[in-house]
1. Hey, fewest Cβ within 10 Å first, where do L170, L271 land in order?
2. In Å, what Kirkwood hydrodynamic radius results for region 103-274 from the alpha-carbon pair distances?
3. Give me the percent of DSSP beta bridges within region 103-274 that run antiparallel, rounded to the nearest 5.
4. Mind putting a number on the dipole of region 103-274 about its Cα centre? Charges go on the C-beta only, +1 for Lys and Arg and -1 for Asp and Glu, and I need it in Debye to the nearest 20.
5. Does anything in region 194-225 have its amide N under 14 Å from the 7 Å Cα→Cβ label point of N177, and if so which residues?
6. Compute the FRET efficiency between D155 and A218 as 1/(1 + (r/R0)^6), taking r as their Cβ-Cβ distance and R0 = 41 Å, and round to the nearest 0.05.
Amino acid sequence: MDNPDSPVEYYEDLPEMAPEEPVPDEEPVKEQRSKGFSFWRGLQTVLGAAFLVATIFTLWTPGSMIESSLEARMAAALEAASGFRPAAQEFPQNLNEEVPSNTIGIVAGHYGSDSGSVCSNGLTEVEMNLKIATLVQKDLTDRGYEVDLLEEFDDRLMGYQGAALVSIHLDSCQYVNDQATGFKVAAALSAQNIAASQRLTNCLSERYGTVTDLPYHAGSVTDDMTYYHAFAEIDPITVAAIIEAGFLNRDYVFITEETDRIAEGIVAGILCYINNEPIHPAQSP
Ligand SMILES: [Zn+2]
């Protein structure tokens, strides 16, 4: 697609995984742990995902979120992708846990940690992330969900259990090029339930695009997104995604003046996933 020449500049606002900048004094243990976990989960995913997911499907309580038809479709897709056939067999005990189907985690990117991107007029990414996250929390709470508004490095992320976890970020306030507009979504690569992860990502992308009319900024999902630290900390049964909801530079007016539509788009994506709504291809009516 219209890939920029130097995509690296886009991602400077994402939370740093590499210790290039001084780590805050109280954080070194957490930083180490996150990296270790990411690496291990990545390896684990490559080596064991097909086996794990296939076995989870046979035992996943369908009552909570996944309808049997979807379950079958995902299992078929995974079989096709992996060449693995699910077999009824033993699996780790903790995979049997009930996911708290009424609980949703919302991470306000950079909140409690740093400012994220900073615009020349002083507007910061973190204040907009928090504004969006608060609107999302209120909307979902009004609909009867229990919503945890979480900081970037919230203690509650460790082992977090919920029906879904979505981290909200915004892209750079620096001018990159004219194509630097729109949003992108990445799933937790480390998730045990890869098909569910993919579905949350698809729901968010489709609904957010429809509600906001922002373009999907293809080809710029980075390792910082897929290996996002929070994904390594949460309970692997929790399905998670990160959304970069727009560019503070090119989408500034939309982000600051139609913040409620941004929140509405994210809520629609989460509800699509939780209610197992059908996702229409972009070109269909
Ligand atoms: Zn950010």
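Please treat every number below as a calculation from the coordinates, not as lab data. These figures come from a predicted structure and were not determined experimentally. Note: ideal-geometry Cβ built from the backbone for every residue, glycine included; neighbour counts use all protein chains shown.
1. In increasing order of surrounding Cβ atoms, one gets L271, L170.
2. In region 103-274 this quantity evaluates to 15.6 Å.
3. 25 percent
4. That gives a dipole near 420 debye.
5. Inside the label zone: 218-220.
6. Once the sixth-power term is evaluated, E becomes 0.70.
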